[in-house]
């Protein structure tokens, strides 16, 4: 019998994939992250409190797995080439070459944000979560969410509105 | 009014997160502040770009690793269905994800049940092509029994096969469909629990694999099970529909 838990889990996958893509900058890596998150969610299904928000719980799992991987990355010293990651949207993004280049620049700029700003941006500006929901996922006061978001956006606007250096 | 614009306030305004009275104050301020208007425009443009920049997962089919556990079904069966109710009904597949992640190979199917076109010389192909439901054959992977025949939503003949493996308790339910005179395994779900004697592919049974199987059938657009006479006609005619 398919449980409500499983249905909710699968229903969240599209959003989780987009969130993971925003965090990692790579569709493939993002999907691996989501897969790992699903495995963890299934293993810890008994820890999920019925009646609470499944999507918040899942986003938090993705977030934690991502932060873990970033920590491991730092100590290992190998980095994904941001240029490569930014350009790859598997050809599925925008249509015109100049649009695709702009979107690649967007992804690159997001990839250069500090982790904490990237997280907030991914939840609010990309997933479209409310400030309150994002605050709940991140375990932060709403004010902190707002200030990190604003800093991220100010930075991105500045970088992206400048003409590309030739 | 001061010319200092609070970026946080404008950010919240563009996100629709301000209380109505705050919205009123911002909008009263905007006409007199070109700087604020530019900022609002930039924020909106950035939002649009962010949405487009991370669009790819929604436009791409679900990658094999995420649905391999249910069935590495043919792209056609999955492509437009994932976001629909039927796709979401595949939820059961997620439970089995942990069970057999990484166990499915991508090799072309012979007698094995990896999805894909079957070798015409294989025992399974011969079984599908010529035998009525209820017939069995011994494959490398175990004992196969034909359970039912039906047409999918493109009027392709399809057949449900159950394979009891040599490994204890291993039971696989698969569906193969006939294209251009050869059979292709559309999906195969392992670890399906429940009684093995059910001939009706649609009978609910316990276990997440069964729910996944039902959902996969739904996605295929499986029609009703064909009766024995209909099935016999089809087999005799070489699976030609009149």
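What follows is calculated from the coordinates using simple rules that are stated; it is not laboratory data. Small disclaimer: the values here were computed from a predicted structure and weren't measured. With ideal geometry, Cβ positions are generated from the backbone for all residues, glycine too; neighbour counts draw on all protein chains shown.
Computed from the C-beta positions of residue B:164 and residue A:116 and an R0 of 41 Å, the FRET efficiency is 0.15 to the nearest 0.05. Over the stretch A:114-166, the reciprocal of the mean inverse Cα-Cα separation, the Kirkwood hydrodynamic radius, stands at 11.5 Å. Placing dummy labels 7 Å off each Cα toward the beta-carbon, the span from residue B:41 to residue B:130 is 7.6 nm.
Once the Cβ-Cβ distance of residue B:155 and residue B:182 is raised to the sixth power relative to R0 = 22 Å, the FRET efficiency obtained is 0.85. Once both labels are positioned 7 Å from their Cα atoms along Cα-to-Cβ, the gap between residue A:47 and residue B:48 label points is 4.3 nm.
Here the label points at residue A:28 and residue B:233, each 7 Å from Cα along the C-beta direction, are separated by 5.1 nm in the simple model.
The mean number of partner chain beta-carbon atoms within 10 angstrom of a residue's beta-carbon across peptide A:147-159 is 4. Counts of other chain beta carbons within 10 angstrom of each beta carbon in peptide B:40-52 average 5.
Among the residues of A:29-36, the average count of other protein chain beta-carbon atoms within 10 Å of the residue beta-carbon is 3. Each of B:237, A:130 was scored by other Cβ atoms within 10 Å of its Cβ. Arranged with the fewest first, they read B:237, A:130.
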